[in-house]
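The values are calculated or read from the model by the stated rules, or taken from the named source; none is laboratory data. This structure is a prediction, so every number in the text was calculated from the model and none was measured. For neighbour counting, all protein chains shown are included, and Cβ atoms are generated from backbone atoms with ideal geometry for every residue, glycine included. Accessible surface areas use protein heavy atoms only, side chains included; no ligands, DNA or RNA. Shrake-Rupley method; radii C 1.70, N 1.55, O 1.52, S 1.80 Å.
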Amino acid sequence: MKQAKWIWYPGDFEMWLGNRFNNLRSERGAMSPTFWKQDSHYPMVEFSTKVSLTDDETIEVFAEGDYNVAIDGVKVFGMPRKVTVPKGCHAINIKVVNQPIPPLLFVRGTTIVSDSSWLATFEDKIWIDENGVAHGSGVYVPAASWKFDSPDCPPSKFSLERKPQSAVSVEQGLYDFGRETMGYLNLEGISGEGEITICYGESREEALDEDFCETLDKISIGETAENWETIDLGHNLAEKVKREAESEFNYTLAFSKAFRYVNIITSGSVKVGNLSMQYEYLPLEYRGTFRCNDEQLNKIWDVGAYTLQLTTREFFMDGIKRDRWVWSGDAVQSFLMNYYLFFDSDCVKRTIRLLRGKDPVTAHINTIMDYTFYWFNGIYDFYLYSGDKAFVEEMYPKMKTLMAYCLGRTDENGMAEGQPDDWIFVDWVDFPMHKRGVMCFEQILFCKSLETMALCANLCSKSIEANQYNELAGKLKATFTETFWDSARHAFLHNLEDGQINTMVTKFPNMFAIIYGYADEARKKEILDHVMLNPEVEAITTPYMRFYELEALCLMGMQDDVLREMKSYWGGMLDEGATSFWEKYIPSESGTQHLAMYGRPYGKSLCHAWGASPVYLLGKYYLGVRPTKPGFEEYEVRPVLGGLEWMEGDVPTPFGKIHVRVSKDEVSVYSDGGNGTLYIYNKEINIKPKTETIIKL
């Protein structure tokens, strides 16, 4: 028997959940929603299916919202919970209307069940087909569904899981939970009247600084005639907790916060007996592993994995304290790390859908040009690792409209040019860097996006469109190479503004030219020697761009150097007491300088997703595992010790795992499936599924 599932219009659940998610950020008790457009779900959706029955069948109908049921176009009276569909061939249409949450439907019968085989439309009456012909009825697309398979647990009740945690130490109202964490505080044994101020800190210094800590709550406790205590929280929320006069009570705060330390300050006669928390998390299995002879590197992997665990939630967020938003540049890196740790495809798809939003396109994703380009590339990466062609087919129409927006903002040479309403991010830098005009870095990302469009068009059997995107990519590559490559400096130059070339050399465009293959072997070597290894070129100080910097070096066979860099950079954060990896790290800084950013003493996020990149680098460029055909149908293993004595680990795949163990004397590979090739010392060895392949060196 088929399993019934809740269904909705594709993307609507993610829009609704994402708006709830992105609007939970607070700054010192004030809510802080995103500064980019937030799309919403469609308030009315029609679901339909066709059936062929040998006998009459009674179905149960559950909906989140008001609804009607029509059989062969004839409406059934009222909003019936049960409907009998007569034998024969019939069309079933159910319209659901809901403004606060997405219209959701659950249908359960003997053979008739709601699932992704149903179609959905929001009654957009006019659309243009691929031949430019206008049609005049609603566009039906496959309905979306996920794991919700009970009428009692609709998607609107989705929440992360919780489990209790206690502080590891308490000192004069300062609670230390031992490491970075996130969840809901439990105030236990509250008594008296007055005010409780809760100061959260990723560091001890932040929690103790009531005037400047990034997040805090204030709770006023006082009796009324009805013996109610008024709890005033952030986000303009006022709640009341009823208790008997003079008795103690417990209270769990309504919003999850990120912290390691919590400082409780009381006034009046109010007292708090104890503080604990409910840790909030997405249940995830560490399917990827890594161990080696270097204990510092093992700890770097462990802390990187924990950092990604904390930032993998309803969506892939950037940082758990700040910003608590979904950013495309951060998310695309999280996708790649995820493929080597959790392989949670659902979170990737939720995040991609949320970031894209709905048509019409009026701005770049997160308002950032480069973040739009990363979004495109993340879709094909997902297909390569997962093999999920259906998701590409779902997203392709939205890829087209977003790319049309990008193409509409190019200059006369077809290069992407920053407009006054664009944010050109690239990275947080500590040196002057013009970000206007035509930037070489943006052209390289744009070109890769066009190539991605061509790949996805071919997957969707749109060969004409694929050829068009490939042609645009080819022209753009030739144009930016001619414009920005400087043979004397052996580098791609920075930007073109008001007709003048800025001869500044940075690592950003040059390392992406290596990663995306926009430089031949000779030119890659020039870039390596004159840019990547040149101490006169400004250093990168965020884990965000170190991700790509070290990837480029690995592609150039410099794993020994990258290993030293990982130990120095990420090991440096560990030496400073990090329990999760930071948004930015400058080794020359000391003390509270490590906590400051954006002109605020504690503005830096000390748990930032892009800090977890060693998880990806060690899996892909040391264990050496990567798919060469979608879904690991075929894959390769190119292990590199990089100065280690030995290493071993698991890389998760759709069919299970690939286990690799390498020492100076031996390489062994075991795979649960797929067709693999081991490359070692210029040899190619076939890896048979479910058989350990052992090579003596």
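For this structure, a couple of remarks:
- Averaged over its residues, the chain has an accessible area of 41 Å² per residue, based on protein heavy atoms and a 1.4 Å probe.
- A simple count of charges around P86, restricted to other residues whose Cβ falls under 13 Å of its Cβ and scoring Lys, Arg +1 and Asp, Glu -1, yields -3.
- For chymotrypsin sites (Phe, Trp or Tyr not before Pro), the sites in the range 17-94 that DSSP calls loop and that have at most 11 other Cβ atoms within 10 Å are F35, F77.
- For the range 641-670, GluC sites (Glu not before Pro) meeting the loop criterion (DSSP other than H, G, I, E, B) and having at most 15 other Cβ atoms within 10 Å: E645.
- Long pairs among K620/K657; K299/K664; K37/K398, criterion Cα-Cα beyond 18 Å: K299/K664
- The relative contact order of the chain, computed from alpha carbon pairs under 8 Å that lie at least 6 residues apart in sequence, is 11 percent.
- Under 15 Å from K87, Cα to Cα: aspartates and glutamates that are on another chain or at least 8 residues apart: D55, D56, E57, D72
- Total formal charge among the other residues, if their Cβ is under 12 angstrom from that of L297, Lys/Arg +1 and Asp/Glu -1: -1
- Around the amide H of W325, modelled in the peptide plane, lie the amide H atoms of D318, G319, all under 5 Å away and 5 or more residues distant in sequence or on another chain.
- Between Y396, G408, G499, the Cα set farthest toward the positive side of the dipole of the range 364-515 (charges on each charged residue's Cβ, about the Cα centre) is that of Y396.
- Think of the chain as a dipole: +1 on every Lys or Arg Cβ, -1 on every Asp or Glu Cβ, centred on the Cα centre; then among G557, G599, S269, G557 lies furthest on the positive end.
- The GluC sites (Glu not before Pro) of the range 269-364 that DSSP puts in a loop, and whose beta carbon has at most 16 other beta carbons within 10 Å, are E285.
- The chain, helix-only ellipticity at 222 nm - DSSP H runs n ≥ 4, -39,500 (n - 2.57), divided by all residues, nearest 500: -8500 deg cm²/dmol
- Cα-based Rg and Dmax for the chain, where Dmax is the largest Cα-Cα distance (Å): 27.5, 83
- Think of the chain as a dipole: +1 on every Lys or Arg Cβ, -1 on every Asp or Glu Cβ, centred on the Cα centre; then among P627, P639, Y548, P627 lies furthest on the positive end.
- Cα centroid separation, the range 356-387 to the range 76-100: 37 Å.
- Under 19 Å from K257, Cα to Cα: lysines that are on another chain or at least 8 residues apart: K163, K218, K321, K604
- For K688, a cut-off of 18 angstrom between C-alpha atoms picks up these aspartates and glutamates, skipping any fewer than 8 places away in its own chain: E633, E634, E636, D650, E666, D672.
- The listed peptides 4-12, 360-368, ordered by packing as a protection proxy, come out as 4-12, 360-368 (highest mean of other Cβ atoms within 10 Å first).
- Across the range 502-576, Cα pairs under 8 Å and at least six residues apart give a relative contact order of 34 percent.
- For the range 316-449, the normalised intensity computed at q = 0.11 Å⁻¹ comes to -0.40 (log10 of I(q)/I(0), Debye sum over alpha carbons, equal scatterers, no solvent).
- Computed on the range 17-84, with alpha-carbon pairs under 8 angstrom and 6+ residues apart, the relative contact order is 22 percent.
- For the range 430-533, the C-alpha radius of gyration sits at 1.15 times the compact-globule guess of 2.2 N^0.38 Å, with N the residue count.
- With every protein chain in place, the chain: carbon and sulfur % of accessible area (1.4 Å): 48
- Of the peptides 452-458, 374-380, the order by per-residue mean of other Cβ atoms within 10 Å, starting with the highest, comes out as 374-380, 452-458.
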